[in-house]
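The next block holds one structure in the form of structure tokens; read it before the comments.
Any read-out appearing in this document is the output of simple, stated calculations on the displayed coordinates, not a laboratory observation. Predicted model only: the values in this text are computed from it and were never measured. A quick note on method: Cβ atoms are made from the backbone with ideal geometry, for glycine too, and the neighbour counts reach across all protein chains shown.
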Amino acid sequence: MRVQFIIPSALSNDDIIGGFAKGLKDALCPSFDIEAVNEHPNLIHVFGAWQTLSTKTLEDAHRRRIPIVFSPLGGLTPWTICHHDHAAQKAQKQAVRWADIVHAAGPEEQKAVLHWAENRQRVIMLPNPVITATTTFQQVAKAFSNEYKQLSDAHDQRITEEIARQTEALQEKNAYIRHIVSATLYLHYWYGRGTLPSTILNELADYLITHDYDEDAIPSILDAVGMRTFFQQLLLVLSDITPLTEGFMPLPAVNDKQSKAMRLMVFPKPADN
């Protein structure tokens with residue numbers, strides 16, 4: 001799993017927060033098959049509260065629908081919260097609510113986070129090995145590895161179910177056309193995350209090449225989900241990185257600024273495959 005660890009520079013040398021982040025990262029990679037990355041993450045883990053970078057990352061990841069874990073690491077104890085004004089507390093409360101999982105380092109912080117969190121969020125408590133001998137980084141890393149996997153799996157399942165509902169609402173009887181629509185919606189979700197997985201792109205290209213379907217039905221069905229232009233932009237990307245040619249395209253490919261930007265989102269890059 002590709003995980004992006006976000007540690008604000010102001011906290012990177014802090015023994016408690018920076019020390020925890022570094023110790024966790026070192027224990028996770030590669031013992032638990034976790035790869036620390038700076039782009040195309042499966043999941044983002046943010047460390048430290050009351051920091052502009054932390055807040056902006058939480059907001060951006062939530063908007064782009066990337067799973068998020070947040071570790072304030074003592075930054076959200078009642079004592080710490082009361083030292084910030086109302087506006088700062090309001091902003092931090094919203095930041096907490098952008099996370100999928102919030103990691104409290106102790107019972108007081110867990111209580112404060114639960115007061116701010118929404119029902120959909122998971123709040124876990126794991127002590128910080130930097131300040132306690134009751135646990136080790138290996139134990140904490142194992143717990144986070146499990147949390148990462150469960151969050152990623154649940155997130156993927158939620159997206160899959162959402163797309164299935166959208167596709168079913170079209171009441172399209174042809175399974176091949178439903179599959180094309182579902183694949184397009186799924187790639188649009190990934191596009192929102194700033195990534196176009198090459199495996200999914202190749203699967204769609206192969207499907208368009210190897211299956212017979214009513215091409216004339218494609219424009220209207222894509223219009224119904226607002227995906228016609230996006231699909232045509234996808235076709236340009238597919239023609240560049242897969243064997244898909246114009247003869248197998250149900251619509252003309254669109255070569256514009258967005259399609260060129262989409263080409264740069266392909267991951268892994270074709271040369272890396």
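Observations on the model:
- Projected area averaged over orientations for the chain, convex hull of C-alpha atoms, nm²: 16.4
- In straight-distance terms, cross-link reach from residue 260 covers every one of the lysines whose alpha-carbon lies under 22 Å from its own, apart from those fewer than eight places away in the same chain; here that gives 269.
- Two-decimal log10 I(q)/I(0) for the range 20-102, as the Debye equation yields it once each C-alpha is a single scatterer, q = 0.18 Å⁻¹: -0.79
- Label-point separation, residue 91 to residue 143 (7 Å along Cα→Cβ), nm: 3.0
- Longest to shortest principal axis, alpha-carbon extents of the range 149-259, angstrom: 42, 30, 25
- Distribution of pairwise C-alpha distances over the range 46-195, 5 Å bins, in %: 2, 9, 16, 18, 16, 13, 9, 7, 5, 3, 2, 1, 0
- Relative contact order, percent, the range 165-250 [alpha-carbon distance under 8 Å, six or more residues apart]: 33
- Each eigenvalue of the Cα gyration tensor of the range 3-49, multiplied by 5 and square-rooted, gives one semi-axis; in descending order these are 18, 13, 7 Å.
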